[in-house]
1. Take the solvent-accessible surface of the protein heavy atoms, probe 1.4 Å, and return the percent of it on region B:144-283 that carbon and sulfur atoms account for.
2. Can you give the FRET efficiency to the nearest 0.05 for B:Tyr264 and B:Thr142, using r as the Cβ-Cβ distance and R₀ = 56 Å?
3. Just the accessible area per residue of region B:175-277, please: how many Å² with a 1.4 Å probe?
4. So, in nm, how far is label B:Ile256 from label A:Val63 when the simple model puts each one 7 Å beyond its Cα toward the Cβ?
5. Could you list, in their original order, any pairs among A:Lys98/B:Lys290; A:Lys106/B:Lys182; B:Lys225/B:Lys259; A:Lys58/B:Lys290; A:Lys106/B:Lys181 whose Cα atoms are separated by more than 31 Å?
6. Return the residues of region B:281-299 for which accessible area with all protein chains present is lower than in the chain on its own by 20 Å² or more; set the probe to 1.4 Å and exclude ligands, DNA and RNA.
7. Set the Förster distance to 22 Å, then compute FRET efficiency between B:Gln204 and B:Val298 from the Cβ-Cβ distance, nearest 0.05.
8. Can you pull out the trypsin sites (Lys or Arg not before Pro) in region B:250-299 that DSSP calls coil and that have at most 12 other Cβ atoms within 10 Å?
Amino acid sequence: MSNLQNLKTYDPFADTGETDAVESQGYIHIRIQQRNGRKTITSLQGLPEEFDQKRLLKAFKKVFACNGTIVDDEDLGQVIQLQGDQRTNIRDFLVDEKIYKKEMIKVHGF
Amino acid sequence: MSDAEISAKLENTSLNDDEFADFPKKKKSTKKVLFEDDLDSEAKPKDEANEFEDDAFSELKKKKKKSKKPKTFEDELEDKPAETEEVDESFLDLSSIKKKKKKSKKNMAAFEAELEENSTEKEANSESASRDVWRDSDRDYTYVELLDRFYSILRENNPELAGEKRKYTIVPPQIVRDGNKKSIFVNLPDICKRMHRPPEHVIQYLFAELGTSGSVDGNGGLVIKGRFQQKQIENVLRRYIMEYVTCGTCRSGETILTKENRLYFVQCESCGSIRSVAPIKTGFQAQTVKRSVARRAVA
């Protein structure tokens with residue numbers, strides 16, 4: 001009777017930790033769109049108000065070496081647009097600078 | 001399947017309840033499954049699911065490796081055509097998918113049993129040996145030995161309960177370039193049928209993700225504006241499957257999508273769980289054509 005492994009309990013109904021219903025809001029979306037030729041636009045949508053989009057854009061432009069702009073959308077608020085495919089760049093930047101958690105960033109597109 | 005049914009089925013195995021209590025833990029004892037388990041618990045679900053879908057698509061590649069392992073006649077039959085097809089990477093019809101599931105299970109089973117050894121004989125020997133070692137001697141059996149015994153019995157009697165993950169396979173999308181600026185997703189209806197999803201839903205998702213538009217042609221193929229390669233569409237499709245097809249509880253792909261009061265629900269056919277899925281949102285659409293051109297198009 002040295003090892004009674006069978007007595008260890010396992011809860012099959014334990015939460016799998018997959019559904020974070022609490023955090024369903026507040027995602028930020030990074031999208032990409034094709035332009036003419038092999039050019040693309042990356043857009044960053046859903047950033048909270050407390051961030052200064054202008055400064056963020058400035059940083060983006062400097063770090064990624066691309067141009068960009070802030071677009072005012074009626075329903076979506078301010079959206080940052082950058083030239084080229086900067087999706088992974090944006091995500092890494094936001095994660096590295098601890099601005100946003102990786103789980104809260106949704107990268108769309110192909 | 002309800003819980004009651006599952007437990008009833010499990011009781012049909014020639015095992016007592018004590019041994020069954022170890023069932024979920026078995027996963028942790030083998031290397032491969034440990035890895036998957038780790039993913040389950042640590043990595044965020046998205047990544048995990050991603051990998052799962054990766055598996056689905058890379059099935060063909062994996063097959064080659066597995067074909068070295070012991071086969072039944074059935075498997076062999078199934079193996080050969082698949083390998084010849086590898087070039088165009090298409091084609092698993094539904095029946096072959098089923099077979100594949102069986103096969104991957106078998107291989108997994110073999111893998112678990114042998115762990116490190118390669119040859120069949122060794123495997124058989126070691127398995128039977130490990131099974132009998134403690135039976136003859138006086139010493140206490142170890143946990144691992146008992147688990148092996150449990151799993152070999154379970155596999156013999158009802159293999160469908162052996163608990164390995166099934167792979168969800170789907171044909172790769174076929175993308176044909178139409179002129180310079182359009183791509184046609186040829187086998188969309190086929191894929192939709194296999195996923196049990198209305199094409200409209202899939203199309204909506206594709207357009208939202210790709211940030212473009214398009215139309216359906218005469219054969220049901222989807223004309224997408226913009227240049228897209230098969231790999232890119234495959235990625236998007238993979239994400240679609242992850243989000244709208246696989247069951248959140250048992251990860252099976254046998255699910256149906258229903259709409260109630262403007263909300264979409266995914267119901268699993270194999271375990272019966274229902275989960276709600278987010279509606280497809282397009283999000284921000286940047287202007288990609290020249291304003292003058294756009295104005296002319298409207299007028």
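1. The value for region B:144-283 is 49 percent carbon and sulfur by accessible area.
2. The calculated FRET efficiency here is 0.70.
3. Per residue, region B:175-277 has an accessible area of 48 Å².
4. My value for the distance between the label points is 4.8 nm.
5. Long pairs (Cα-Cα over 31 Å): A:Lys98/B:Lys290.
6. B:Gly283, B:Phe284, B:Ala286, B:Thr288
7. 0.40
8. Within region B:250-299, the qualifying trypsin sites (Lys or Arg not before Pro) (loop, at most 12 other Cβ atoms within 10 Å) are B:Arg262, B:Lys281, B:Lys290.
The values are calculated or read from the model by the stated rules, or taken from the named source; none is laboratory data. Computed from a prediction, not measured in an experiment: that's the story for all the values here. Counting neighbours? That spans all protein chains shown, and the Cβs are built from the backbone with ideal geometry, glycine included. SASA here: full protein model, heavy atoms, side chains in, ligands and nucleic acids out. Shrake-Rupley method; radii C 1.70, N 1.55, O 1.52, S 1.80 Å.
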